[in-house]
Amino acid sequence: MKLATVSYEGNEIVVHKDGGNGDLLHLSRAAQDMSGRADFLPANVLGIIQGGDQVWENVEKVIEWSKEGCADSCYLKEDAVTWKAPIPRPLKNIFCVGKNYADHAIEMGSADDIPEHVMMFSKAPTAVIGHEGNIPLHEEVTSQLDYEGELAVVIGKGGKAISHENAMEHVFGYTLLNDITARDMQSKHKQFLLGKSLDGSCPIGPYIVHKKVISNVQDLKIETKVNEEVRQCGHTSQFIFSIEDIISTISKGMTLEAGDIIATGTPAGVGKGFNPPKFLKKDDIIEISIDEIGTLKNWVK
């Protein structure tokens, strides 16, 4: 069950990837055909997430109904749409976990840099772009633009002081995220926000995959390619801090809300980790793939 936001005929709509004929299911159009109501489902992915279990049950009903045969008008070809991030404008900054893979911590410094506690920073919502969008090179402010392929968690049920044991109850699903980073800006400003929040520096998508259809989120392969060269290859089983740890830690003194996005950290193989470094350049193609979720592809322009 893969939900995405696309632009089609000038409108942002929600689609489901696994339509009966392999094309994109226009979810609201199918919902209206099934129910006779224009308001049977929220008009955007964030509304679906915020609607809770009842709205998700309605989404499942529409998807199941579509398998029996929707009108052709309910399906769209992928080449007819423009991909947006699943939540095109998150309500607040993206939560990001730093150095959640030991090998990445080492490549960025040494074994002494492996954290004992969850390390957090954020990316501004204005950085968010979608699948197949262009990542600006930002030559006027950086010469060290880097990539970081990551699994991102989408919160489905808000809460504060969420226990480790109950953390997964608050998850809606998962997506892919590229934590594009200006390394020289990180060093210059002695903090992460500016170097992490350049416009176009947070590709997300193409889909949010509901947690029900992920077999084991703690053991998914993640791979990043730049111009078809494999740069990163890791597994979520290598996390230093589990998803439960992360949600519990963030929520101890801060309320998580439905639709919040948490990037869980990147494996070794970032551009800065090579000798000499392999920073991004114009026309590079970055592809991030995670088992059971899909591939996020972007160009550097």
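In straight-distance terms, cross-link reach from K17 covers every one of the lysines whose alpha-carbon lies under 24 Å from its own, apart from those fewer than eight places away in the same chain; here that gives K2, K61, K67, K77, K84, K157, K211, K212, K221, K225, K297. When the surface is traced with a 1.4 Å probe over the full set of protein chains, M108 keeps roughly 50 Å² accessible. 3J(HN,Hα) along region 105-119, derived from phi through the Karplus expression 6.51 cos²θ - 1.76 cosθ + 1.60 where θ = phi - 60°, amounts to 4, 5, 5, 8, x, 7, 4, 5, 8, 5, x, 8, 10, 4, 9 Hz, with x in place of Gly and Pro. Note on region 1-128: with charges restricted to the Cβ of Lys and Arg (+1) and Asp and Glu (-1), its dipole about the Cα centre is near 400 debye. Around the amide H of F172, modelled in the peptide plane, lie the amide H atoms of V154, I155, G156, K157, all under 5 Å away and 5 or more residues distant in sequence or on another chain. Dipole orientation for region 113-172: of the candidates V171, V128, H138, V171 has the Cα lying most toward the positive pole (charges on Cβ; Lys, Arg +1; Asp, Glu -1).
Which loop-located trypsin sites (Lys or Arg not before Pro) does region 10-62 contain, where loop means any DSSP state but H, G, I, E or B and the Cβ has at most 12 other Cβ atoms within 10 Å?
Within region 10-62, the qualifying trypsin sites (Lys or Arg not before Pro) (loop, at most 12 other Cβ atoms within 10 Å) are R37.
Solvent-accessible area per residue in the chain equals 43 Å², computed with a 1.4 angstrom probe and all protein chains kept. Each part gets one Cα centre, and for region 43-104 versus region 135-158 those centres are 20 Å apart.
Report, in debye and to the nearest 20, how large the dipole of the chain comes out about its Cα centre when Lys and Arg carry +1 and Asp and Glu carry -1 on their Cβ.
On the way: 30 positive and 43 negative charges, 131 e Å.
Rounded to the nearest 20 debye, it is 640 debye.
Considering only T249, I285, V14, and ranking their Cα positions along the charge dipole of the chain that arises from unit charges at the beta-carbon of Lys, Arg, Asp and Glu, the one farthest toward the positive end is T249. Taking Cβ atoms as reference points and 14 Å as the exclusive limit, the residues near K157 contribute a net charge of -2, counting Lys and Arg as +1 and Asp and Glu as -1. A cut-off under 10 angstrom between Cβ atoms defines the neighbours of A105, and their net charge, with Lys, Arg +1 and Asp, Glu -1, is -3.
Remark: region 1-72 carries a charge dipole of roughly 80 debye about the Cα centre, counting +1 on each Lys and Arg Cβ and -1 on each Asp and Glu Cβ. Note on exposure: W83, W299 ranked by accessible area (1.4 Å probe, complete protein assembly) read W299, W83, with the most exposed listed first. For the chain, the Cys residues with no second cysteine's beta carbon closer than 4.7 Å are C96, C202, C233. Residues considered: K157, K252, K272. Largest GNM mean-square fluctuation over the chain, using C-alpha springs under 10 Å, is found at K252. Every helix of 4 or more DSSP H residues in the chain counts as -39500 (n - 2.57), and over all residues that averages to -5000 deg cm²/dmol at 222 nm.
Backbone geometry of region 153-166 corresponds, through the Karplus equation with coefficients 6.51, -1.76 and 1.60 at θ = phi - 60°, to 3J(HN,Hα) couplings of 9, 10, 6, x, 10, x, x, 10, 6, 6, 6, 4, 5, 9 Hz, x marking Gly and Pro.
Extension gain, E165 to H117: 0.36 nm times the residue separation minus the Cα-Cα distance gives 15.5 nm.
Per atom type, the chain shows carbon and sulfur on 47% of its accessible surface, probed at 1.4 Å.
If the chain between K281 and S143 were fully stretched, how many nm would it gain, using 0.36 nm times the residue separation less the Cα-Cα distance? Don't jump to the answer; show the numbers that get you there.
Values: separation 138, 0.36 × 138 = 49.68 nm, distance 0.89 nm.
Separation in residues times 0.36 nm, less the Cα-Cα distance, equals 48.8 nm.
Farthest towards the positive end of the charge dipole of region 136-254, among the residues I208, G159, L193, is the Cα of G159, using unit charges on the Cβ of Lys, Arg, Asp and Glu.
The values are calculated or read from the model by the stated rules, or taken from the named source; none is laboratory data. Small disclaimer: the values here were computed from a predicted structure and weren't measured. Note: ideal-geometry Cβ built from the backbone for every residue, glycine included; neighbour counts use all protein chains shown. When the accessible area is computed, the model is the full protein with side chains, heavy atoms only, and any ligands, DNA or RNA have been set aside. Shrake-Rupley method; radii C 1.70, N 1.55, O 1.52, S 1.80 Å.
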